[in-house]
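As structure tokens, the structure follows; a few thoughts come after it.
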Amino acid sequence: MVKATPQDKKSIVELLSKAFDTNKSVNFAVKQDHKREARIQNLVNYSFELCYMFGDVFLSDDRKAAALILYPEKKKTNLKAIWLDIQLAFISLGLSNIYKVLKRESKIKKYHPKEEMIYLWFIGVHPDNQGNGSGSKLMEDIFQLSERLQKPIYLETSTVRNIPWYKKLGFETIHKLGFGFELFLMTRKCRQLDHDSNKINNKHLELN
């Protein structure tokens, strides 16, 4: 995998917006109107900016998959972060959704791991490129990052069909929350991967 640059933002936002277009968790957060697609793009843009400041943004070697990673212990309040929060509230969430989303995030954070972690916020492949192994290879690289940093990986997913796959890779469900859909909170502890026995062969990867 390669680290993304600001010049990659446009293509990454487009890639992940398409990958998460029908995602239940994403659509729970954004206002559902004729501007829905633009609102999703702004949500991904927000996530990109925060991860670029306080985490890592990666592309697969073939640039067909992307991952947004946040290191929560590094997150700080600054003028840019405040402005991004304001944009998120007005452009993506809509005023009527703000309380609902804040309430959800409060419930989720109660179950976040207490130790430093790799928060895998988004990872996905553009729908036109799914099934080519790009997302799988990117996930393998993130496992290696986890080992190098000695930090567990944490994620949230509403994509139920992915749960058996995550468990096979060593993730465990630490809690489930209901928001009109089930949201699975999952973590994977640091360990040395055996790449031969942990081959990733999924066709489509979608988190949140």
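Residue-wise test of (1) buried (at least 21 other Cβ atoms within 10 Å of the Cβ); (2) within 16 Å of ASN97 (Cβ to Cβ).
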| site | (1), (2) |
| --- | --- |
| ASP8 | no, no |
| ILE12 | yes, no |
| LEU16 | yes, no |
| THR22 | no, no |
| VAL26 | yes, yes |
| HIS34 | no, yes |
| ILE40 | yes, yes |
| LEU43 | yes, yes |
| PHE54 | no, no |
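So which residues in region 163-183 are farther than 23 Å from GLU147 by Cα and without any contact (Cβ under 8 Å) to a residue 60 or more places away in the chain? Before the answer, list the steps.
Within region 163-183, the first condition is being farther than 23 Å from GLU147 by Cα, and the residues that meet it are 175-183.
LYS176, GLY178, GLU182 - these are the residues of region 163-183 that are farther than 23 Å from GLU147 by Cα and without any contact (Cβ under 8 Å) to a residue 60 or more places away in the chain.
Could you look through region 67-90, keep only residues that are under 18 Å from the mean Cα position of the chain (by Cα) and part of a loop (DSSP other than H, G, I, E, B), and pick out the one that is nearest to GLU116 (Cα to Cα)?
TYR71
Of the residues LYS110, LYS176, LYS151, which is surrounded by fewer than 17 Cβ atoms within 10 Å (Cβ to Cβ) and under 22 Å from LEU50 (Cβ atoms)?
Being surrounded by fewer than 17 Cβ atoms within 10 Å (Cβ to Cβ) and under 22 Å from LEU50 (Cβ atoms) holds for just one of LYS110, LYS176, LYS151, which is LYS110.
Looking only at region 57-88, filter to residues that are closer than 18 Å to TRP121 by Cα and free of Cβ contacts under 8 Å to residues at least 40 places away in the same chain; which one of those is surrounded by the fewest Cβ atoms within 10 Å (Cβ to Cβ)?
Looking at residues that are closer than 18 Å to TRP121 by Cα and free of Cβ contacts under 8 Å to residues at least 40 places away in the same chain, I get LYS76.
What do you reckon, is ILE40 over 20 Å from LEU185 (Cβ atoms) and without any contact (Cβ under 8 Å) to a residue 12 or more places away in the chain? Steps first, answer last, please.
Details: over 20 Å from LEU185 (Cβ atoms): yes; without any contact (Cβ under 8 Å) to a residue 12 or more places away in the chain: no.
No: the conditions fail for ILE40.
For region 11-37, which residues satisfy the criterion of being free of Cβ contacts under 8 Å to residues at least 40 places away in the same chain, over 19 Å from LEU138 (Cβ atoms) and not in a loop (DSSP other than H, G, I, E, B)?
Correct list: ASN27, ARG36, GLU37.
Out of all the residues in region 42-65, is one or more more than 15 Å from the chain's Cα centre (by Cα), of a type in the set (Asp, Glu) and in a helix (DSSP H, G or I)?
No: zero hits.
FYI, it's all coordinate maths here, none of it is from the lab. Small disclaimer: the values here were computed from a predicted structure and weren't measured. Every residue, glycine among them, receives a Cβ derived from its backbone with ideal geometry; neighbour counts consider all protein chains shown.
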